[in-house]
Number of protein chains: 2
Amino acid sequence: MVAIAPSNRLRRTPFSEGVEAAGVSAYTVYNRMLLPAAFESLAADCAHLKDHVQVWDVSCERQIAVQGQDAGKLLSLLTPRDLSKMADDQCYYVPMVDTNGGMLNDPVAVKHSDDHYWISIADSDLLLWVKGVAAGMGLNVSVTEPDVSPLAIQGPKSDDLLARVFGDAVRDIRFFRYKRLPFQGRDLVIARSGYSKQGGFEIYVEGGDIGMDLWQALFAAGADLNVRAGGPNLIERVESGLLSYGNDMTAAHTPFDCGLGKFVNSDADYIGRVALEQARAEGAKWRLCAVEIDGDPVPACDRHWAITRDGARLGQVTSATWSPDQNTNVAIGMVQADRFATGADVEVKTQDGTRKARLRAEFWN
Amino acid sequence: MVAIAPSNRLRRTPFSEGVEAAGVSAYTVYNRMLLPAAFESLAADCAHLKDHVQVWDVSCERQIAVQGQDAGKLLSLLTPRDLSKMADDQCYYVPMVDTNGGMLNDPVAVKHSDDHYWISIADSDLLLWVKGVAAGMGLNVSVTEPDVSPLAIQGPKSDDLLARVFGDAVRDIRFFRYKRLPFQGRDLVIARSGYSKQGGFEIYVEGGDIGMDLWQALFAAGADLNVRAGGPNLIERVESGLLSYGNDMTAAHTPFDCGLGKFVNSDADYIGRVALEQARAEGAKWRLCAVEIDGDPVPACDRHWAITRDGARLGQVTSATWSPDQNTNVAIGMVQADRFATGADVEVKTQDGTRKARLRAEFWN
């Protein structure tokens, strides 16, 4: 493994001290910020996540705060998803596209009020897009990156752990809804959400100064729950079919190509509308699917792996890893929509050779 | 050192195969792409750079191609620098700011013609800003990231090496000008520029397919020049006072704060003009300066180090490293403009303790 060169530019987080004390062994960089990718090992971290509870430093899910008179107008320009029924305590998954309908990010919007939203972003500087559109249109909004660092609590014991620190009110938080609950006198947004299918919450920690206090309170409260530090786990996310912007889709893909067509339902005159209406009429070009790859554990999927059938290229694998629980290699791939077939036998070309594989309609978790 | 977790999202380059064969020991991530940070060691790489010639994979200097009828208009909106005298074979350092006058990036613009520019970017997704402004204003331009990967040739033997591959015409390329010279039948933009003060060129490799052929041609031609793989070197860049966006300045700083006031000279109605005129009238808040830090080699500067005098905070060190040639720690810092004084004794607080240090007006190279 190659080392990561330390740099101010790859930003530390309010929780980095805790992450390092917990023995982080690999980092990735996400929104120019350090994101823990592994502690003991991908496999051991995954097994623990499925049985217990983990605290994840996902500060790299940076927030874009949109505030002011035109906030709602700007939001409705930025996404093809209908926001008209969004409640003030609600989180919405909101794909955002450019004028060509290409995906720029797939963030979660957090609504505070009609004139105040956060956009919790995946890995691209969406702040610049939002600021650019607002500047170009002369809208009356402020667009900033506030001092908010999400901390995720994930795993089957998440409710128990969080209830010990924030009270039983957390148990009543509904999926993709949030409550404001106090820690050290500060009301924090706590949403039932997160980047795994093992259940849990994301705490939007406002003010990095209380970050390590919260980290330590969670670990103190959860000792008998076997709480550990973790992070988005490659094995669990591929088994679950959780998409990663930049890995599994880019600006070359429309929401339809990514299986996100149901989020294209706005009546507003959003950016990219003409392109997406045309894309809907033409049908998706790509189909995102699960791919099961035979043989020993695959090498690291650090580049596109061509998917071929009878020598003709169908698409590419974009994320892949060995799954101990499935006893096979699990992968996410994108293939030409009209050539997808459930169970189709294909070949996948890795940097270490070609493997037999099969396309699947369903992911594993 | 913590490992970097491999991922498709941290993009490989057309030259990654060569970089790995040359023994890269540390990567950084820049514009979501792998950038080699060290091979033998920072110190050994630096010494070699100053005596010989290196080939740097700087593909992460992604290009934004701006093409179409409104290209010139868009460029003149994006930067406070006067572009009216820019020639068709010229490169301009063009700070770009938001409506508040805050630095969004400090790229180099490469002019092809009045309706075709490249913007060669530092570490932020400026593509999204440019697309956002164009979309918000409804301009008639296309804004894309083309398949162009810069390869830098740096060091005192750069002219000799490049002349062997592209002919003696390279010797006549003036500073921040370019020529189009052929390789394998493809005309490549070759500019006299680069992120060191050791001299050299940047080759804008159009089409990743010829990347490794060019890499190998350079190494074959330069064996007796002691050519090696390298990358932007932390020691050399700090000695030379070369700024790094994201390390040394951010959107919190105006061009005046960064010593870049001379590039605020446009007559156009560019974005941020009102804010920058006010900032000019008020005077810079910050002064970027060299800082000499006493004692043994400092730890990695992966966070801001407070600069204090008599217990009061003046600013922060943003980049720092041990310099074997200077036999001291060299650093870049930003201090409150009205408290800067050449030679002032200060203290610098690193993660491993506080050091005595001095502010300097001049860098070392």
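No lab work stands behind these numbers, since they all come straight from the coordinates. Computed from a prediction, not measured in an experiment: that's the story for all the values here. Cβ sites come from the backbone with ideal geometry, for glycine too, and all protein chains shown count toward neighbours.
In this structure, does residue B:55 turn out to be assigned to a strand (DSSP E or B) and either within 14 Å of chain A (Cβ to nearest Cβ) or buried (at least 21 other Cβ atoms within 10 Å of the Cβ) (or both)?
yes
Kindly list, by first and then second residue, each pair from a residue in the range A:322-338 that is more than 21 Å from residue A:247 (Cα to Cα) to a residue that is of a type in the set (D, E, K, R) and part of a strand (DSSP E or B), limited to pairs with Cβ atoms under 9 Å and residues at least 6 apart or on different chains.
Within 9 Å, the pairs are A:326/A:292; A:338/A:287.
Output yes when any residue across the range B:306-324 is in a loop (DSSP other than H, G, I, E, B), under 17 Å from residue B:362 (Cα atoms) and either hydrophobic (A, V, I, L, M, F, W, C) or away from chain A (no Cβ under 14 Å) (or both), and no when none is.
no
Filter the range B:120-140 down to the residues that are surrounded by fewer than 24 Cβ atoms within 10 Å (Cβ to Cβ) and not small (Gly, Ala, Ser) and list them by number.
B:137, B:139, B:140
Yes or no: residue A:32 within 17 Å of the chain's Cα centre (by Cα), within 13 Å of another protein chain (Cβ to nearest Cβ) and at positive phi?
Here the answer is yes, as residue A:32 does meet what is asked.
Can you pull out every residue in the range B:70-105 that is outside any strand (DSSP E or B) and of a type in the set (Val, Ile, Thr)?
Matches in the range B:70-105: B:79, B:94, B:99.
For the range A:128-142, does any single residue satisfy the condition of being in contact (Cβ under 8 Å) with a residue 60 or more places away in the chain, farther than 21 Å from residue A:104 by Cβ and not aliphatic (A, V, I, L, M)?
Yes.
Go through the range B:88-105 and count every residue that is away from chain A (no Cβ under 14 Å) and farther than 17 Å from residue B:204 by Cβ.
Summing the residues that are away from chain A (no Cβ under 14 Å) and farther than 17 Å from residue B:204 by Cβ in the range B:88-105 gives 1.
Just to be sure before I move on: is residue B:163 within 11 Å of chain A (Cβ to nearest Cβ), surrounded by fewer than 24 Cβ atoms within 10 Å (Cβ to Cβ) and either under 21 Å from the mean Cα position of the chain (by Cα) or of a type outside the set (Ser, Thr, Tyr) (or both) in the structure I sent?
Answer is no for this residue.
Which ones in the range A:183-205 are surrounded by 20 or more Cβ atoms within 10 Å (Cβ to Cβ) and closer than 19 Å to residue A:50 by Cβ?
Of everything in the range A:183-205, those that are surrounded by 20 or more Cβ atoms within 10 Å (Cβ to Cβ) and closer than 19 Å to residue A:50 by Cβ turn out to be A:192, A:193, A:194, A:195, A:196, A:198, A:200, A:201, A:202.
For the range A:242-260, which residues satisfy the criterion of being touching a Leu at 6+ places or on another chain (Cβ under 8 Å) and assigned to a loop (DSSP other than H, G, I, E, B)?
A:243, A:248, A:251, A:254, A:255, A:259
Residue check, residue A:196 against (1) within 21 Å of residue A:266 (Cβ to Cβ); (2) in contact with a Lys or Arg (Cβ under 9 Å, 6 or more places away or on another chain); (3) among the hydroxyl-bearing types (Ser, Thr, Tyr), all met but one. Which one?
Result: residue A:196 passes all but (1).
Does residue A:2 count as within 13 Å of chain B (Cβ to nearest Cβ), surrounded by fewer than 21 Cβ atoms within 10 Å (Cβ to Cβ), out of contact with any Pro (no Cβ under 7 Å at 6 or more places or on another chain) and aliphatic (A, V, I, L, M)?
Against the criterion (within 13 Å of chain B (Cβ to nearest Cβ), surrounded by fewer than 21 Cβ atoms within 10 Å (Cβ to Cβ), out of contact with any Pro (no Cβ under 7 Å at 6 or more places or on another chain) and aliphatic (A, V, I, L, M)), residue A:2 qualifies.
Could you please find all residues in the range B:331-365 being within 22 Å of residue B:237 (Cβ to Cβ) and among the small types (Gly, Ala, Ser)?
Matches in the range B:331-365: B:331, B:333, B:357, B:361.
Out of B:315, B:241, B:261, I need the residue that is touching a Pro at 6+ places or on another chain (Cβ under 7 Å) and either without any contact (Cβ under 8 Å) to a residue 40 or more places away in the chain or on the phi > 0 side of the Ramachandran plot (or both). Which one?
B:261
Does the range A:325-359 hold any residues that are more than 13 Å from residue A:294 (Cα to Cα) and either among the small types (Gly, Ala, Ser) or in a strand (DSSP E or B) (or both), and which are they?
Correct list: A:332, A:333, A:334, A:335, A:336, A:337, A:341, A:343, A:344.
Just to verify a result, which residue in the range B:269-283, among those that are surrounded by 18 or more Cβ atoms within 10 Å (Cβ to Cβ) and in contact with a Ser or Thr (Cβ under 7 Å, 6 or more places away or on another chain), is nearest to the other protein chains (Cβ to nearest Cβ)?
Looking at residues that are surrounded by 18 or more Cβ atoms within 10 Å (Cβ to Cβ) and in contact with a Ser or Thr (Cβ under 7 Å, 6 or more places away or on another chain), I get B:271.
Could you list, in sequence order, the residues of the range B:106-132 that are outside any loop (DSSP other than H, G, I, E, B) and facing chain A (nearest Cβ under 9 Å)?
Across the range B:106-132, the qualifying residues are B:126, B:127, B:128, B:129, B:130, B:131, B:132.
Tell me, which strands (runs of 3 or more DSSP E) lie completely within the range A:161-228 with 1 or more residues that are of a type in the set (Ser, Thr, Tyr) and free of Cβ contacts under 8 Å to residues at least 40 places away in the same chain? Outline the logic, then answer.
On the way: elements: A:178-183, A:186-191, A:200-206.
In the range A:161-228, there are no strands (runs of 3 or more DSSP E) which contain 1 or more residues that are of a type in the set (Ser, Thr, Tyr) and free of Cβ contacts under 8 Å to residues at least 40 places away in the same chain.
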